[in-house]
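Here's the structure we're looking at; comments come further down.
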Amino acid sequence: MAIGIAARIIKQKKPIVISFLIIAVISTIAQFFVGVNYNMVDYLPEEAQSTKAMDIMEQEFDGSVPNTRIMIHDVTVQEALIFKDQLSSIDGVTDVTWLDDAIDIKTPIEIADEDTVESYYKNNNALFTFSIREGDEVEITDAIYDLIGEDNAMSGEALDTATQQKMAFTETMYAAALLIPIIVIILILSTNSWVEPIFFLTAIGVSVLINLGTNIFLGEISFVTQSVAPILQLAVSLDYAIFLLHSFSDYRKKVADPTEAMQLAMKRSFPAIIASASTTFFGFTALTFMNFEIGSDLGLNLVKGIVLSFISVMVFLPALTLMFYKWIDKTKHKPIIPSFKNIGSKVVKLKVPSLLLVLLLIVPAYLAQGQTTFTYGIGEQPDSTRAGSDVIKIEEEFGKSTQMVLLVPKGDIAKEEELVQDLNNLDHVTSILSYVNTVSAAIPPEYLEESVTEQFYSENYSRIILNTSTATEGEVVFGLIEEVQQTAESYYGDDVYSLGESVTLYDMKNVVQKDNTVVNLLTVITIAIVLLITFKSITFPIILLLTIQSAVWINLSVPYFTDSSLVYVGYLIISTVQLAATVDYAILLTEAYKENRKEMPALKAIKKTIDEKLFAIAISASILSSVGFILWITSSNPIVGSIGLLLGRGALLAFIMVVFFLPAMLLVFDKLIDKTTWKANYYKEK
């Protein structure tokens, strides 16, 4: 940054501070008008099979795919029918399905097909399935709870969405209440003034608020973005403010005039801040290329946040600091943590074990992270919640269950009857609702009233509803979806569509697995280019990327070795975010080492660098790690929780790799680095 630009910013310090604060206040108000989307289906690409199926069903049929189940204890068939009417009368509840839709209950149910009956009515317990209107899940599920009371149970996708909506705001507040004091404590330990942390948090806090407010131009954001983006922006960009104010503090010791000290600090810290911001910016930009748009939604917000944080630190923070720098002077205190002297020599002694350990781990970690078992949806609610305990009650009585809807071309009743018989013979299909087996294949539909046929036939399509005894996701149900699709295609060719929660998750699996390669490749390439430009070297980018990518692989391999499943969206996002957010530690250490290496031999340079930079890297890593672990602890949403856990663990692993493995690599490849770096000017011993 040129001194002239810095001078102009400083000259206009009052208008700048006032302008930023006004924009922050407006943005704070604006964020309350930003919609939050909790429906993951909306983020599938338009070409996904289930997206096309949903569009066709909305055009052709009034009904929707059932997304909720209710179990009512100890009722007769007649009482269950009365309850069905009460449930149907709730505004927003549609397509209530029970036993009377599958069989003629005027005849004794004892002579009906046992599997069909027990899908709906078992041990005097009635199980209803129905749809809840999208967008009003909280109000409608509350009304249903009032109807069914404490003794009965409800579960399903719509209830999960309602639960997430209720928890999102309180959990965000809870996370912030835990996180801000921890960050303040970490910052107090890292500075020599009691109020300096307030300057850091104000500069980044203002940029976070502006980022949240400017989402109003996007219309809505995903629930993942709402939960993760503000806290991640704070954690990742706090370094920029620390770089600037530490530099300002250094120049205050050399220059009497605070204004001149700030100009010099802005010029000196600009390359480090722009390099740090660039790697994070391009890493997050890679997320915007995801076909599964939750990733691109988060990526866009984080990219916007990084740009705003950079502007805030380089424009707002210098102006704010010069207006109130006397507060920093008045609240000086002695360093709380002693400086890290001679720790570099201890770290260097571990270079051989560090190299051997990482080289032993890197291949198994890379292979293991590719073999992890994944889940693709929001996942199950905790057992401690009513939603979680209700799922257990329903599954204990009726087992696991999910519904699929199949749309096939209308017209050939004989072909449709054959298809339904074939589908009925598939494993895990418990019952089927279609015109041919619920009304009768012998009765032409045009002879009947529309009220009888409308749930099965539209102008162009026949709708077949399958009840299955599977979970909503996993190998079993995904295999069944493929079987159902192949069976239907053998009769109707490509003009067949399936939809339902499990089908959506199946499509999600196929979409995000394609995203993985593209996003990771883009992240590595863009960060490599930034490192190439920053260090003007071929070797430095390879060493730095290997250091951080190894930490990513080790982090993502843990679920495989602990035999636990991982939410795939969290895995995909974190493989990019960890690399983009923690490569800064490696840049900070390598930049300092490169300068020290011009004045002294490699061993001495690396020891001095570790002594000088370990504290700054530890502070940055502890903030990011705290953010991750607090997200994990406070969030009941498995996607947000998994991102938090992976981020917390990843920041710690990246710190360990940068402190132990990176110095060892810099020493081992010192001569190669010298030869492959433009104008390295390394110190040569005489």
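Each value in this text was obtained by applying a stated rule to the coordinates, not by laboratory testing. The structure displayed is predicted, hence computed values, not measured ones. Virtual Cβ from ideal backbone geometry, glycine too; neighbours counted across all protein chains shown.
Taking the beta-carbon count within 10 Å as an exposure proxy, list Val391, Val255 from fewest neighbours to most.
With the fewest neighbours first, Val391, Val255 line up as Val255, Val391.
How big is the gap, in Å, between the Cα center of region 629-643 and the Cα center of region 353-428?
Between the Cα centres of region 629-643 and region 353-428 lies a distance of 21 Å.
Which of (i) 26.2, 89; (ii) 23.7, 81; (iii) 30.1, 104 is the computed Rg and Dmax of the Cα atoms in Å for the structure on display?
Recomputing Rg and Dmax of the Cα atoms in Å here gives the entry labelled (iii).
Based on the Cβ-Cβ distance from Lys330 to Leu672, what FRET efficiency comes out when R0 is 51 Å, to the nearest 0.05?
0.50
Just subtract the alpha-carbon distance of Glu449 and Trp194 from 0.36 nm times their residue separation and send over the number in nm, one decimal.
So the extension gain works out to 84.0 nm.
Take every Cα pair under 8 Å in the chain that's 6+ residues apart, average their separations, divide by the length, and report that relative contact order as a whole percent.
19 percent
Treat the count of other C-beta atoms within 10 Å as a stand-in for reagent exposure and order Arg268, Arg597, Arg8 from fewest to most.
Placing the least packed residue first, the sequence is Arg8, Arg268, Arg597.
About its Cα centre, how strong a charge dipole does region 386-505 have in debye, to the nearest 20, once Lys and Arg get +1 and Asp and Glu get -1 at the Cβ?
Rounded to the nearest 20 debye, it is 280 debye.
Under a 5 Å amide H to amide H cut-off, with H placed in plane at 1.01 Å, what residues pair with Thr373 once short-range neighbours are removed?
Leu566
Would you please classify the overall shape of region 618-686 from the alpha carbon gyration tensor, given that a ≥ b ≥ c denote the square roots of the eigenvalues, rounded means a/c under 1.5, and beyond that prolate means a/b larger than b/c while oblate covers the rest?
prolate
Using a Förster distance of 22 Å, how high is the FRET efficiency between Ser440 and Ala112, based on the Cβ-Cβ distance and rounded to 0.05?
Approximately 0.90, to the nearest 0.05.
Note down the nm distance, to one decimal, between modelled labels 7 Å out along Cα→Cβ at Glu58 and at Asn39.
0.6 nm
Compute the separation of the alpha-carbon centres of region 1-40 and region 262-295 and state it in Å as a whole number.
Measuring centre to centre over Cα atoms gives 18 Å.
How would you rank Glu157, Glu260, going from fewest to most other Cβ atoms within 10 Å of each one's own Cβ?
With the fewest neighbours first, Glu157, Glu260 line up as Glu260, Glu157.
Sequence-distant or interchain residues sharing an amide H contact under 5 Å with Tyr461, placed H: which?
Lys410
List every residue whose amide H lies under 5 Å from the amide H of Thr430, counting only residues 5 or more places away in sequence or on a different chain, with H placed 1.01 Å from N in the peptide plane.
Asn467, Thr468, Ser469
How far, in nm, would the chain grow between Asp494 and Ile633 when pulled straight, counting 0.36 nm per residue and subtracting the alpha carbon separation?
Extending this stretch completely gives an extra 45.4 nm.
For the pair Asp74 and Asp91, how long in nm is the line joining their label points, each one 7 Å along Cα→Cβ?
Between Asp74 and Asp91, the label points sit 3.4 nm apart.
Can you compute the FRET efficiency between Ile182 and Glu134 using 1/(1 + (r/R0)^6), with r the Cβ-Cβ distance and R0 = 45 Å? Round to the nearest 0.05.
0.75
Rank Thr487, Thr504, Ala471 by how far each Cα sits towards the positive end of the charge dipole of region 386-505 (+1 on Lys, Arg Cβ; -1 on Asp, Glu Cβ) and give me just the farthest.
My answer, from the dipole projection, is Ala471.
Once both labels are modelled 7 Å past Cα along the beta-carbon direction, what's the Val352-Val25 spacing in nm?
Here the answer is 6.6 nm between the modelled labels.
Rounded to whole Å, give me the distance from the Cα center of region 197-226 to that of region 477-506.
Rounded to whole Å, the Cα centres lie 41 Å apart.
Pull out a ≥ b ≥ c, the square roots of the eigenvalues of the alpha-carbon gyration tensor of region 386-505, then state rounded if a/c is under 1.5, prolate if not and a/b is larger than b/c, and oblate in the remaining case.
Since a/c reaches 1.5 and a/b is larger than b/c, the shape of region 386-505 is classed as prolate.
Quick one: dipole size for region 1-111, taken about the Cα centre, charges +1 on Lys/Arg Cβ and -1 on Asp/Glu Cβ, in debye to the nearest 20.
The calculation lands at about 1800 debye.
By how many nm would the segment from Glu599 to Val363 lengthen if fully extended, with 0.36 nm per residue of separation less the alpha-carbon distance?
81.3 nm
Under the classification rounded if a/c is under 1.5, otherwise prolate if a/b is larger than b/c and oblate if not, where does region 506-555 fall, given a ≥ b ≥ c as square roots of the Cα gyration tensor eigenvalues?
Oblate, because a/c is 1.5 or more while a/b does not exceed b/c.
Scan region 56-155 for GluC sites (Glu not before Pro) in coil per DSSP, keeping those whose Cβ has at most 10 other Cβ atoms within 10 Å, and list them by number.
Glu150
Summing -39500 (n - 2.57) over the DSSP H runs of n ≥ 4 in the chain and dividing by its residue number, what mean residue ellipticity at 222 nm do you reach, to the nearest 500 deg cm²/dmol?
-22000 deg cm²/dmol
Using DSSP to call loops (not H, G, I, E or B), can you name the GluC sites (Glu not before Pro) in region 398-459 whose Cβ has at most 12 other Cβ atoms within 10 angstrom?
Of the GluC sites (Glu not before Pro), the ones in loops of region 398-459 whose Cβ has at most 12 other Cβ atoms within 10 Å are Glu449, Glu459.
Filter Lys613/Lys684; Lys334/Lys684; Lys52/Lys410 down to the pairs with a C-alpha to C-alpha distance above 28 Å, please.
Violating the 28 Å Cα-Cα cut-off are Lys334/Lys684.
Specify which residue in the list Ala48, Phe128, Met404 is farthest towards the positive end of the charge dipole of the chain, using unit charges on the beta carbon of Lys, Arg (+1) and Asp, Glu (-1), about the Cα centre.
It is Ala48.
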